[in-house]
Amino acid sequence: MTDAVPSEGSDHQRLAPQNSRPVAGQLRASDADRERVAEILRDALAEGRLDMAEFEERLEATYSARTYGELEPITSDLPDAGAAAAPVMPSVSLRKEPVRDGSWLSRITGGEGSSSWAVAVMAGFQRKGTWTVPKRFNAFAFWGGGEIDLREANFADREVEINCVAIMGGVQVIVPPGVEVVVRGIGVMGGFDHREEGVPGEPGAPRVIVTGFAFWGGVGVERKLTRAERLRQKEARRQEKLERRAERRQLHEARREDLLDQHRERLEQHLDRWDHHRERREAQRERWEERLEERLERWEERRDRWEGRRGRRGHHGH
């Protein structure tokens, strides 16, 4: 019988200091990690692997997750989830890989786009999430519809063109705030949405040119915030509401204290008046007692004089 030889891993665990680094699942997740998981969910929704209710439930759990351990189960039952989630569960390292900082400069990547065309014939298409918009993107919709979402997209150039052909169908182009939009499409018994034209773009932001042709159909252009930005604004509004509520509560308490102070002052004034009235009554009672004593003394003097006269008359009679 041979003795068991301890493995290197066990020796390492035995020699390693306790709590030298946290478990991977307990590491805090970043916004970029949550966005990668959200992209996996969007692809699963587009492929029909998730219905809208499941997608919304998992997306809500994604944006509310705080650690890698909370993000991992969200995509564990989806194909290629392990490969896509691998960047979400990195080993502990003192170096952090660079991520997109959200500036326009970091989103204009150059090169080729990840998708250059989309077709919907009696069906639909979507281009959304993190993808690279080429210099020219062609979209065709016939008895169908499509959605081109640029809110989380990168751009191959400072100026990109989205050419839309809609025949008895429609294409919706969604751009983030800060992007300049130019619409040059032609509509025949249809139309192009020009409402977002004329809005100046932010410094460094790309320019999106929407061109094409619409026959018995339409091409819409609208600005929307990302879900993460909407959640941030919602949280900011909630914080502002809580602050206003706290200010109103403080103001109410201050007013209550002022009313209590006023009631105290009035009560003290009433007590002062009552004390003054009581002192006057006591003084008046003392004067009445003095007058009564004086009258009693005068009455006793008169009685003494009368008894004296009465006694002298009786003496003279005898």
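The values are calculated or read from the model by the stated rules, or taken from the named source; none is laboratory data. All values derive from a computational prediction rather than experimental measurement. Here the Cβ positions follow ideal geometry from the backbone for every residue, glycine too, while neighbour counts run over all protein chains shown. Protein only, heavy atoms only, side chains kept; ligands, DNA and RNA dropped before computing areas. Shrake-Rupley method; radii C 1.70, N 1.55, O 1.52, S 1.80 Å.
Residues Trp216, Trp131, ordered by accessible area of protein heavy atoms at a 1.4 angstrom probe radius and largest first, appear as Trp216, Trp131. You can think of it this way: the chain between Glu289 and Phe142 has 41.4 nm of extra reach, that is 0.36 nm per residue less the Cα-Cα gap.
Highest average first, the peptides 235-248, 150-163, 46-59 ordered by how many other beta carbon atoms sit within 10 Å of their residues are 150-163, 46-59, 235-248.
Take the Cα of Trp216, go 7 Å toward its beta carbon, and the backbone nitrogen atoms of region 157-172 under 12 Å from that spot belong to 167-169. Let me check I've understood the local charge: for Ala205, count other residues with C-beta under 14 angstrom from its C-beta, Lys and Arg +1, Asp and Glu -1. What total comes out? Once positives and negatives cancel, what remains is 0. Modelled spin labels at Glu235 and Arg305, positioned 7 Å past Cα toward Cβ, are 10.6 nm from each other. Residues with beta-carbon under 14 Å from that of Glu112, excluding Glu112: net charge, scoring Lys, Arg +1 and Asp, Glu -1? So the surrounding residues net to +1. Here region 96-169 exposes an accessible surface that is 54 percent carbon and sulfur, computed with a 1.4 Å probe and the other protein chains kept in place. Annotation: extensible slack from Thr226 through Leu259 equals 7.0 nm (criterion: 0.36 nm per residue apart, minus Cα-Cα distance). Once the Cα-Cα distance is subtracted from the 0.36 nm per residue extended length, the Gln269 to Leu296 segment shows a gain of 5.7 nm. From Cα pairs below 8 angstrom and at least 6 apart in sequence, can you work out the relative contact order of region 149-246, rounded to a whole percent? Computed value for region 149-246: 36 percent relative contact order.
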